[in-house]
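The values are calculated or read from the model by the stated rules, or taken from the named source; none is laboratory data. Please read all numbers here as calculations on a predicted model, not as lab measurements. Methodologically, a virtual Cβ is constructed for each residue, glycine included, from the backbone with ideal geometry; neighbour enumeration extends over all protein chains shown.
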DNA sequence: CGTGATATCCCCAAAAATAGGGACAACGCT
DNA sequence: AGCGTTGTCCCTATTTTTGGGGATATCACG
């Protein structure tokens, strides 16, 4: 091993950062060149340390994980990002990959998988945690929501009736009904309450 | 300091365990006597190591945090438990305290607060993270759901209609309507979809 | 130029929300 | 022991909301 993989850790939780540093300090081929607790700090440290790989928590206060990825890409189009998160926000998996993440790890993974993922993305490969991959596969067979439907499902989750949604969006109630019909079908249910629950589960709407 | 505080760490996430161990290894008055990754393992290690304080993640696969607290209390009624978790499951705060937790910490806390909380509960005090405390205060001004209402709201979240709920609980649809009316009022809404969302937010129903 | 997303209108049956009414058992409190 | 409270249950109404159908026009995009 001639040069070590230079790793930047970004997570707002001190505990997680400490755990990660501990894990990687045992690896002969990886060196942690920086720790950031926010997206802005990540951008600063990225410029300063020029890491090979950025290990990034998706769920952060302030700048979100996806926004952070985009910010880093402005600095270097070739930035290699591995996302680290829990699986509770399914929509975020997709958004992160769309934004350019090379790897997707879950916080309850084994140590070996964590370091192997870093090595894999450094080799230019993708590395997606099996459970996250399963969600992606599900996505492929599912329909995307249109922008309008997205607006409506958000209001739905906030307890608005069709009439209230119509008023909020300056549309007729019938139009809302039409969208709602399609929405229910796309979410695989016949019930608006269930649709709201599914939207929350999938991270389509954040609460 | 004559004797160190003997601490048992229970968390299914390796990363969190590593982070915690790192933090406490810097403290002269605290020694980590064991690490468990599940409730069952916690019970075993508790018997073996007899710690002064147990630092316990609420959200674990298998035995839940609350169940683990109860299991530990069977071994020693005086067990001193500090709960460590995120704030997404509000109901769990209350359940954990009810089950006998002495402290409540959030995973994004500063190092100083973490160790101070351990010391506080070891002195016999309670230590509740400010944000968790705020939720508890909210609870006091809110009405509790009855057992029946709890059953109904669970079925509601799973997309059941009043008729389906009636059938599932062997009640008349009218009775369900009556409960639903009270349920909506207690949850502070006039809309069943919103009620489902609120129930999820508060952790009343797990999804 | 076709396709898809958007928007509007009509209609209809089912479901839900709201409003009355009454009944009974369990509970703590005075 | 009597009292009020609470939770449970049931019934009858009416009105509103929802879910589903079809028909049609616009408008942007490739």
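Values as computed for the structure displayed
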quantity	calculated
Spans of strands (runs of 3 or more DSSP E) in the range B:35-152 with at least 1 residues within 30 Å of residue B:188 (Cβ to Cβ) and in contact (Cβ under 8 Å) with a residue 12 or more places away in the chain	B:80-85, B:103-106
Unmet requirement for residue A:185, which otherwise passes all of (1) away from DNA strand D (no atom under 13 Å from the Cβ); (2) at pLDDT below 85; (3) more than 11 Å from chain B (Cβ to nearest Cβ)	(1)
Qualifying positions in the range A:64-99 - buried (at least 19 other Cβ atoms within 10 Å of the Cβ), more than 24 Å from residue A:199 (Cβ to Cβ) and in contact with a helix residue (DSSP H, G or I) (Cβ under 6 Å, 6 or more places away or on another chain)	A:68, A:72, A:79, A:80, A:81, A:82
Test: residue in the range B:142-160 that is at pLDDT below 85, away from DNA strand D (no atom under 11 Å from the Cβ) and out of contact with any strand residue (DSSP E or B) (no Cβ under 7 Å at 6 or more places or on another chain)	yes
Odd one out for residue B:194, checked against (1) in a helix (DSSP H, G or I); (2) more than 16 Å from DNA strand C (Cβ to nearest atom)	(2)
Subset of the range B:34-57 [surrounded by 18 or more Cβ atoms within 10 Å (Cβ to Cβ) and either closer than 23 Å to residue A:111 by Cβ or within 14 Å of another protein chain (Cβ to nearest Cβ) (or both)]	B:34, B:35, B:36, B:37, B:39, B:42, B:45, B:55, B:56, B:57
Only one of A:52, A:57 that is under 9 Å from the mean Cα position of the chain (by Cα) and at pLDDT 90 or above	A:57
Residues satisfying the stated conditions in the range B:144-157, i.e. away from DNA strand C (no atom under 12 Å from the Cβ) and within 14 Å of chain A (Cβ to nearest Cβ)	B:154, B:157
Among (1) touching a helix residue (DSSP H, G or I) at 6+ places or on another chain (Cβ under 8 Å); (2) more than 11 Å from chain B (Cβ to nearest Cβ); (3) near DNA strand C (Cβ under 8 Å from one of its atoms), the one test that residue A:170 misses	(1)
Test: residue A:201 is in contact (Cβ under 8 Å) with a residue 24 or more places away in the chain and within 11 Å of chain B (Cβ to nearest Cβ)	yes
